[in-house]
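The values are calculated or read from the model by the stated rules, or taken from the named source; none is laboratory data. Note that the coordinates shown come from a computational prediction; the quantities given were computed from them, not determined experimentally. Note: ideal-geometry Cβ built from the backbone for every residue, glycine included; neighbour counts use all protein chains shown. Side chains are part of the model used for accessible areas, which takes the heavy atoms of the whole protein and leaves out ligands, DNA and RNA. Shrake-Rupley method; radii C 1.70, N 1.55, O 1.52, S 1.80 Å.
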Amino acid sequence: MNLCSDSDRMIDKAPWRKRRVLVVDDSSFIRKALAHQLEEIDIEVVLAGSGQEALAHASTEEFDLIITDVDMPNMDGLELCAKLKGTPQSQHVPVIMLSNLDEGPDIEKGFQSGASLYISKAEAKECIIESIEKVLSKASAHKEQTILVVEDSRTIRSVVEKGLSEVGFTVVSAENGAQ
C-alpha cells in the first residue's frame with residue numbers, strides 16, 4: 001500500500017523568502033536526519049521535540065510546511081494537527097504525518113485531523129523529499145489566487161468562504177450575481 005497520498009491542502013509563500021519547514025518528532029535521530037535531507041534541498045528547518053514545542057513555534061513563526069510524527073508522548077501528532085488547523089495563524093499550513101502507525105484506521109485518523117499527506121516511516125526513504133516538494137509546489141502554484149463566491153444563502157456562503165480561506169485562497173463574496 002502506498003501511503004504517500006494527499007488531500008490537496010495549499011499554502012501561500014512570499015517569493016523572496018526561503019521555504020521554512022517545522023519538523024516535529026520525539027526522536028532526535030529522526031529530527032536530525034530529516035533536517036539534513038531538507039537542508040540539502042535548500043529548505044530552512046526548525047526542529048521541535050514535542051507537540052507543545054511545535055505549537056509554540058507555530059504561534060510565533062511562519063512555516064510553509066509542518067512534518068510531524070503521530071506517536072508522541074503528551075500531545076500526539078493527531079492532536080497537534082487538529083490544533084494547528086483550528087488556529088487562524090497556522091490553519092493554512094499543510095501538515096505531513098510521518099509515522100510507523102501505517103494501518104488504514106491510523107491513516108484515516110491522520111486525514112481526519114487535517115493532514116495533507118500521510119507517509120509511513122517505512123516508505124519515507126523512497127518518497128519523503130519528492131512528497132515534500134510536491135506539497136510545496138502545489139502551494140506555489142496556488143499563490144495569490146482569488147476566488148469569487150456568489151451565493152444567496154449566508155450560511156452556505158460562509159461555509160464555502162471558510163473552507164477556501166483555510167486552504168490558502170483569497171475569497172471575495174457576493175450575495176447575488178448583480179452584486
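Listing for the model above:
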| quantity | calculated |
| --- | --- |
| Among S158, L84, M72 - extreme Cα towards positive end, dipole of the chain, charges at beta-carbon | S158 |
| Summed side-chain charge close to I43 - residues other than I43 whose Cβ falls under 11 Å, Lys, Arg +1, Asp, Glu -1 | -3 |
| Dipole in debye (nearest 20) - the chain, about Cα centre, beta carbon charges: Lys, Arg +1; Asp, Glu -1 | 440 |
| Estimated FRET transfer efficiency (N100, E44; beta-carbon r; R0 25 Å; 0.05) | 0.40 |
| Ordering of 18-28, 61-71 by burial proxy (mean other Cβ atoms within 10 Å per residue, highest first) | 61-71, 18-28 |
| Proximal charge balance of D102 [Cβ under 10 Å; K/R count +1, D/E count -1] | -2 |
| Size of charge dipole - segment 84-149 - debye, nearest 20, with Cβ of Lys, Arg +1 and Asp, Glu -1, no other charges | 280 |
| Modelled FRET efficiency - R0 22 Å, Q145 with E62, Cβ distances, 0.05 increments | 0.70 |
| Vicinal HN-Hα couplings computed from phi for segment 91-108 (Karplus, 6.51 cos²θ - 1.76 cosθ + 1.60; Hz; Gly/Pro x) | 5, 8, 7, x, 10, 9, 8, 10, 8, 7, 7, 10, 8, x, x, 5, 5, 4 |
| Approximate spin-label separation A33-F111, in nm, with each point projected 7 Å along Cα-to-Cβ | 2.7 |
| Counted charge near L80, where neighbours are those whose Cβ lies closer than 14 Å (Asp, Glu -1; Lys, Arg +1) | -4 |
| Cα long-axis angle, helix 154-166 against the chain (0 to 90 degrees, to the nearest 10) | 40 |
| Of all accessible heavy-atom area on segment 25-83, the percent that carbon and sulfur account for (1.4 Å) | 50 |
| Segment 14-142, accessible area per residue, ligands and nucleic acids excluded (1.4 Å, Å²) | 46 |
| Expected 222 nm ellipticity per residue - DSSP helices of 4 or more, -39500 (n - 2.57), all of the chain, to 500 | -13000 deg cm²/dmol |
| Whole-Hz couplings from phi, Karplus 6.51/-1.76/1.60, listed for segment 117-123; x for Gly and Pro | 8, 10, 10, 6, 4, 5, 9 |
| Virtual spin-label span in nm between Q52 and D71, 7 Å along Cα→Cβ | 2.2 |
| V159 accessible area, assembled protein chains, probe 1.4 Å, Å² | 100 |
